[in-house]
1. Starting from the 7 Å offset along Cα-to-Cβ, what nm value, one decimal, do you get for the label separation of ARG100 and ASP128?
2. With viscosity set to 1.306 mPa s and temperature to 10 °C, compute the Stokes-Einstein D of region 157-286, Rh being the Kirkwood radius across alpha carbon pairs; µm²/s, no decimals.
3. Once the Cβ-Cβ distance between LEU192 and ASP68 is put in as r, and R0 is 30 Å, what FRET efficiency do you end up with, to the nearest 0.05?
4. Could you please state how large a percent of the accessible area of the chain is carbon and sulfur, counting protein chains only and using a 1.4 Å probe?
5. Using a 10 angstrom Cβ neighbour count of at most 15 plus a DSSP loop assignment to flag exposed GluC sites (Glu not before Pro), which longest range of the chain is free of such sites?
6. If you take the C-alpha gyration tensor of region 1-117, multiply each eigenvalue by 5 and take the square root, what semi-axes do you get, largest first, in whole Å?
7. Given 10 Å bins starting at zero, what is the percent of C-alpha pairs of region 30-94 in each, up to the one with the largest pair distance?
8. Restricting attention to region 95-196, which trypsin sites (Lys or Arg not before Pro) occupy a DSSP loop and are surrounded by at most 12 other Cβ atoms within 10 Å?
Amino acid sequence: MFRMKMDNSNLQKEGIELIHPGFARGEIHSALFDFDGTLSLIREGWQGIMIPMMVEILEKTPRQEGHDAIEQLVTEFVTLLTGKQTIYQMMKLCEEISLRGGQPEDPLIYKKLYNDRLNKHIHARLTDLQSGQVNPVDIMVPGALKWLQILEKRGVQCYLASGTDECYVQEEANLLGIAPYFVSIHGALDDLSKYSKKMVIEKIIRENKLSGPQFVVFGDGYIEIEDSKAAGGIAVGVASDEKARSGLDAWKRSRLIEAGADLIIADFLCAPTLENFLFARNIADL
């Protein structure tokens, strides 16, 4: 197996930032992955669809305070809720409409409007994947496929959970060719009582009878990192720059650290070193 003597500075050189060095390693049994921004880049640019749509709607309310103030407000709550089901962002939109004297529609109506606009935005990407004109690895976070293959060889049971609607997650995971790597794939449902990432995490831990360090989450959103730490698991924050498909997104990094991430990576190009680190039992193994 790949081995190299490594301290924190060397980890950093390999693209791994160790935030909390004290967690137990070498015991991983199951892993949960977020989808968009963690593995898939199909929906890159979704914020550029959602935020303008919400600003447009709020500017029509009786007591709206102007474009710039509304845009700042919307950007803040959209990013704060990233990782949760899309409907939560729409519920917040409804709340803000009411606060400004408007009469909001059902949140599901706004969600459909958003999905319609986003689906137009990503239509060419899906078509290119379906036709074979684009290689799936070119529309994924770099190194993601290799990392899934490493975990499969390790016998780690992998699960996928997204805030995007389950029908879309299933379709896109299949188009990227990564669906077979997962025991199960989960996404948002209209009935909020039937799905959340927290519920999936709790079920994985319960059904596999896991203790904290036997479970790890990989995600680029606040929610899955926070839920992993609440369950006692290891949390790897993926601070991917989705547009450039290279380097670290400083804002994501800050948010992921705030949520409790144990490690920060920009992508999975560090897969060999990451494997060595996570599956080594103590520092003497490195």
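The values are calculated or read from the model by the stated rules, or taken from the named source; none is laboratory data. Bear in mind the structure is a predicted one, so any value in this text is a computation, not a measurement. Cβ coordinates were reconstructed from backbone atoms using ideal geometry, including for glycine residues, and neighbour counts include every protein chain displayed. Side chains included, ligands, DNA and RNA excluded: accessible areas come from the protein's heavy atoms. Shrake-Rupley method; radii C 1.70, N 1.55, O 1.52, S 1.80 Å.
1. According to this spin-label approximation, the distance is 3.5 nm.
2. Answer from the Stokes-Einstein relation: 101 µm²/s.
3. Computed FRET efficiency for LEU192 and ASP68 comes out at 0.40.
4. After summing per-atom areas, the C and S share lands at 50 percent.
5. Counting only loop sites that pass the neighbour cut-off, the longest clear stretch is 106-286.
6. 41, 16, 13
7. The percentages, shortest bin first, are 19, 47, 24, 8, 2, 0.
8. Of the trypsin sites (Lys or Arg not before Pro), not one in the loops of region 95-196 has a Cβ with at most 12 other Cβ atoms within 10 Å.
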